[in-house]
1. Of the listed pairs LYS21/LYS213; LYS187/LYS235; LYS70/LYS238; LYS70/LYS189, which have alpha-carbon separations greater than 30 Å here?
2. Normalising by the residue count of the chain, find the relative contact order in percent from Cα pairs under 8 Å and 6+ residues apart.
3. Which option, [x] 22.0; [y] 14.2; [z] 24.3, is the value of mean projected area of the Cα convex hull in nm² that was calculated from these coordinates?
4. How large is the helix-only mean residue ellipticity at 222 nm for the chain, computed as the sum of -39500 (n - 2.57) over DSSP H runs with n ≥ 4, divided by its residue count, in deg cm²/dmol to the nearest 500?
5. Give me the dipole magnitude in Debye, nearest 20, for region 147-201 about the Cα centre, with unit charges on the beta carbon: positive for Lys and Arg, negative for Asp and Glu.
6. In percent, what relative contact order does region 197-284 have, based on Cα pairs under 8 Å that are 6 or more apart in sequence?
7. Please check the chain for the longest run free of GluC sites (Glu not before Pro) that are loop-located per DSSP (anything but H, G, I, E, B) and have at most 10 other Cβ atoms within 10 Å.
8. Just name one of THR188, TYR229, MET205: the one whose Cα is farthest towards the positive end of the charge dipole of region 154-235 (beta-carbon charges, Lys/Arg +1, Asp/Glu -1).
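The values are calculated or read from the model by the stated rules, or taken from the named source; none is laboratory data. Given the structure is predicted, the values throughout are model-derived calculations rather than measurements. Using ideal geometry, Cβ is built from the backbone for each residue, glycine included, and neighbour counts are taken over all protein chains shown. These area figures cover heavy atoms from the full protein model, side chains too; ligands, DNA and RNA do not enter into them. Shrake-Rupley method; radii C 1.70, N 1.55, O 1.52, S 1.80 Å.
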Amino acid sequence: MRVHFLNVGHGDCSIIEFDSKRIMMIDINNAESIEKKTYAEICEEAVFESAGYNIPLTNPLKYMEMNGIKKIFRFVVTHPHMDHISGISQIGGMCTNVWIYKNDFDEPEGLSGQAASDWKLYETWRDGGRRSSLDPTILSLPSGASDSYYQEDGISILSPTDELVEIAQRRNNRNIMSTVLLITYGKTKIVLAGDAENETWEYIMEKHANKIKDISVLKAAHHGRSSGYHQEAVKWMKPEYTVVSVGKKPEQDASNRYRNYSEHVLSTRWCGNMVFVCYKNGTVDLRKEYDR
């Protein structure tokens, strides 16, 4: 099994190639179309300039083409923030199934151009609409949902629930309703945490702690910010590798806190794209685009 974490700046995009040959993408952020401002902000940081920071951001469409990926069996939108759905309209025709959990969040303010088109498609799919018969099957899957395909690919849905969505909407915090996934491949375990925050982690620790003990790879919640860091959960998971998907280092960066429980804490802003080649005996081999 191969797990790709793409360097898409401030946003998320992960691709999993399962043994079944099915391809799964979790979130998308098309860096070429929306990340010029973020890249400029990165370069403003003197420490980055002095260190020669010049890693180009990745276009997920071009990355898939370079890796021979033509179809996505399942595309998962963890939650309705634009840095997780920018580019969705560009891959819509490639998807067989789309996971979008039902919610009532309104369109973010100030969207135009491609971003407005991406939100419109997200909203159409979320509300059960289809543009044509070629559109993917839309699934709204809660914590604990199971199906033969999910089981075959070792997928466990840890969140959300209707209750978490209600809390997210009441507090106007979309992160709380993040879809969080556990992928199990033999003895290898990977947790993909979206932008999960405290309420999400508390639910997961209460209901699914037995599943996430001692994991291999953690995609840090909320781009490695303190708001996504849950000390009890991270200590319990004790990930061998923690991946932080981010462009500019956030002011509330929690990387050093992750290092208390994780041997390797790596950021896409320094390593570029990362690919974990996973084996059933629990071994993972990391291939980094840049050796930093």
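1. In this structure, LYS70/LYS238 exceed 30 Å between Cα atoms.
2. Working: 629 pairs, mean separation 55.2, N = 292.
Taking the mean separation of contacting Cα pairs over the length of the chain, I get 19 percent.
3. For mean projected area of the Cα convex hull in nm², the calculated option is [y].
4. When only DSSP H runs of four or more count, the value is -7000 deg cm²/dmol.
5. Value, rounded to 20: 220 debye.
6. 27
7. That gives 110-250 as the longest site-free run.
8. THR188
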